Structure formats: C-alpha cells, structure tokens
1. Can you run phi through the Karplus equation (6.51, -1.76, 1.60; θ = phi - 60°) for region 39-47 and list ³J(HN,Hα) in whole Hz, with x for Gly and Pro?
2. Dipole size in debye (nearest 20) for the chain around its Cα centre, Lys and Arg Cβ +1, Asp and Glu Cβ -1?
3. Karplus couplings for region 53-60 from phi (6.51 cos²θ - 1.76 cosθ + 1.60, θ = phi - 60°), rounded to Hz, Gly and Pro as x?
4. Run the numbers for CYS11 and GLN44: contour at 0.36 nm per residue of separation, minus the present Cα-Cα distance, in nm.
5. If I take R0 = 22 Å and measure r between the Cβ atoms of GLU29 and ARG61 in this structure, what FRET efficiency does the formula 1/(1 + (r/R0)^6) give, to the nearest 0.05?
6. What is the spin-label model distance, in nm, from ALA20 to ALA53 if the labels are put 7 Å beyond Cα along the C-beta direction?
7. For MET41, which sequence-distant residues (separation of 5 or more, or a different chain) have an amide H within less than 5 Å of its own amide H, given hydrogens modelled in the peptide plane?
8. Could you work out the mean projected area of the convex hull around the alpha carbons of the chain, in square nanometres to one decimal?
Amino acid sequence: MTASALYCGQCGKSARGEHADCAARATLEPPRYCPECARRMVVQVDPMGWRAACSRHGELRG
C-alpha cells in the first residue's frame, strides 16, 4: 500500500489497521481495489506487467 492510500488495494477495506496478509499477497498480485475509493478495478496481467483501471481514478501500472 502506498502512504497516501485510503483503502487496501488487495481487500478493499480501510488502509488503517493490520494488513500483513494483504502486503504478502501484494508482492505477487496486482491490486484489485482502487486505493482512493475502494471500487473494484478491471485488472489485466500480461508477461511484461499489469494494468489496473478504476472507473473514477484512472489506471495504475506495475
């Protein structure tokens, strides 16, 4: 999770609190929820990386 994230990108819950399992999962998987609004994102994974798009906040890449 980024320092400015309001929500966890893996579970969609508030970024406050314990997210050890989510942090471990984030090393292997792209985020599934928008860190700004917790909406489910459209995620596309390819051999070169991943893209995750929120309908309100745009696209993240990794």
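Where a number appears in this text, it was derived from the coordinates with a stated rule and is not lab data. Since we're looking at a predicted model, the values are computed, not measured. Here Cβ is always computed from backbone atoms with ideal geometry, including for glycine, and neighbour counts include all displayed protein chains.
1. 6, 5, 9, 7, 10, 10, 10, 9, x
2. On the way: 9 positive and 6 negative charges, 41 e Å.
For this selection, approximately 200 debye.
3. 10, 9, 5, 9, 10, x, 10, 10
4. Values: separation 33, 0.36 × 33 = 11.88 nm, distance 1.75 nm.
Net length gain for the segment: 10.1 nm.
5. Details: r = 14 Å, r/R0 = 0.65.
With a Förster radius of 22 Å, E is 0.95.
6. Between ALA20 and ALA53, the simple spin-label model gives 3.8 nm.
7. Counting only residues 5 or more places away or on other chains, the set is TYR33, CYS34.
8. Numbers: hull surface 15.5 nm².
In nm², the orientation-averaged hull projection of the chain is 3.9.
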